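Structure first, commentary second.
All of the numbers you see were taken from the coordinates with simple rules; none came from a lab. The structure presented is a predicted model; accordingly, all values stated were derived computationally and were not measured. Ideal geometry is used to build each Cβ from the backbone, glycine not excepted, and the neighbour counts take in all protein chains shown.
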Amino acid sequence: MTKERPNCQVELNTPTLKVSPGGKAIFLEALTRKKKMNEATCSPFLPDWFKTSALLYMRYEAIDPQFFVRNRERLLENLKPNSLVVIHANDIFPTNADGTMAFRQNNDLFYLTGVDQEETVLILSPDAVLQEDRAILFVRETSEQIAIWEGEKLTKEQATEASGMKNIQWVDAFEPAFRRLALQAENIYLHTNEYVAASEIVETRNRRFIHRCQELYPLHNYERVAVPLQKLRMVKDPEEIKFLQRAIDITEAGFRRVLKFLKPGVGEWELEAEYLHEFVRNKSRGFSYSPIIGSGKNACALHYLDNDDICEDGEMVLMDVGAEYGNWNADMTRTVPVNGKFSSRQKDVYEAVLRVMWGANDILRPGLTPSAYQKQVLEIMEKELVGLGLIDAEEAKRQDDSKRLVKKYFMHGTSHHLGLDVHDVYPANAPYAVGQVLTIEPGIYIPEENLGVRIENDVIIGEAKNIDMFTNFPTTVEEIEAAMAE
Ligand SMILES: [Mn+2]
């Protein structure tokens, strides 16, 4: 059958395609991926996989539930005997009156269940007496009223399809089950946010549960489930790599759209709008994080989020932007000349940053710790800053380990883990290892020249060398100028 769409014709040949409520990433009907879309009348920026994928009536491609099965099995291998794990969904945060912020699932819960719905609770109790008690997922019971106001919620069958779990209960069954299993267990693993840079001002649902749990069962041994989960999440499963690459492909489509759109006189917010348009049409829910689009001197404010200035002729514009896809995140930074041609100084600074990115990629290898890595990157950066005449070679030689001369122009870390979180979780200073996904994002910021350049690619640490997930992006001076001239 053929469906008419405003700008493109979509030919459907998979009658078994089944869409889950709310566009959640869950359907398991056999599907063929031979959809044809009339490319000529669609956006030229749409990534190739999108044009041939079977995702025409759902937001995301289905995530293989075996991924979540594997994650639960690996978590269980890391628990003490006779343990109970309880992880709650995130809250929906209020704004004002009856307003709320958009729901974002707790990533540890998502990693273990694939269920992207509020009020969900997971219990794992591998040594429980009854077989069916060993893994239970509690989901919000739906009703006609909820369906009318909020749309459909997961049925028990759909929760099984998403998670691969057999025992699905409504949340009102949680309390008796929790009591039964707590009394069988010695160790209770609960959820805390252990990311070093996190500011924990707001008490989460999981944190409230810790208080309640300790009040009810003061003599149990309590453990942090974040410890094994950080270790597991740091190394990516092939299923995660697939979704990360999708998010990156969508980001590339946005970047190419912006390269065609950018010209002197446009607003930074207009670039933001171009990205968002391209992301959402590609079935991303939007930005992975608040976009930073800074032209001229704005590029020197590292977390500039106003995006309210005009891109002027002769300036460069720094764009730190990424698309989300299926809860995974891309993280890109590109800095390009507003008028499409690099000046000779802009080219020099840009190519210096690019050499640092490639140099960092060569040393970002298994076994190295993040702190040792950062130290080595600063050495490469120092040479480049000397080359640009920004710091004095002799003075640089005399300075101690603080590298304050380099840090005047490059004051942030070079890399972070990337995954379900944009700054993905990892155990403190854990060495790099094969299968991890990291950003590489050096920058040189020269406010006195109204110039800041950062370039950021995402890479997978491979056996023999790293795999650049940005291979198709225009990256060199020549590639960017060519893409902007098209
Ligand atoms: Mn980043």
Compactness of the chain as Cα Rg over 2.2 N^0.38 Å, two decimals: 1.06
Estimated distance in nm for a label pair at residue 64 and residue 343, the labels positioned 7 Å out from Cα along Cα-to-Cβ: 5.2 nm
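Full extension from residue 131 to residue 173: what is 0.36 nm times the residue separation minus their Cα-Cα distance, to one decimal in nm?
In short, 13.4 nm is gained.
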Qualifying trypsin sites (Lys or Arg not before Pro) in the range 160-231, DSSP loop, other Cβ atoms within 10 Å at most 15: 166
Global geometry of the range 235-485, whether rounded, prolate or oblate, following the gyration tensor of its Cα atoms and the 1.5 cut on a/c: oblate
Selection from 295, 273, 326 lying farthest towards where the dipole of the range 271-336 points positive, charges on Cβ: 326
Difference of contour (0.36 nm per residue) and Cα-Cα distance, residue 269 to residue 355: 28.0 nm
Label point distance in nm, residue 395-residue 98, each placed 7 Å from Cα along Cα→Cβ: 6.3 nm
FRET efficiency estimate (nearest 0.05) - Cβ-Cβ, residue 362 to residue 78, R0 22 angstrom: 0.10
Spin-label model distance (nm) - residue 207 vs residue 369, 7 Å beyond Cα toward Cβ: 2.9 nm
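How big is the dipole moment of the chain about its Cα centre under a simple scheme where the beta carbon of each Lys and Arg is +1, that of each Asp and Glu is -1, and everything else is neutral? Debye, nearest 20, please.
1020 debye
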Dipole magnitude (debye, nearest 20) for the range 189-247, charges at Cβ of Lys, Arg, Asp, Glu: 140 debye
Dipole magnitude (debye, nearest 20) for the range 243-292, charges at Cβ of Lys, Arg, Asp, Glu: 220 debye
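Taking every pair of distinct Cα atoms and averaging 1/r, then inverting, what Kirkwood hydrodynamic radius in Å comes out for the range 65-233?
Numbers: mean 1/r = 0.0600 Å⁻¹.
Hydrodynamic radius (Kirkwood, Cα only) of the range 65-233 equals 16.7 Å.
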Cβ-based net charge around residue 449, under 10 Å, with every Lys or Arg adding one and every Asp or Glu removing one: +1
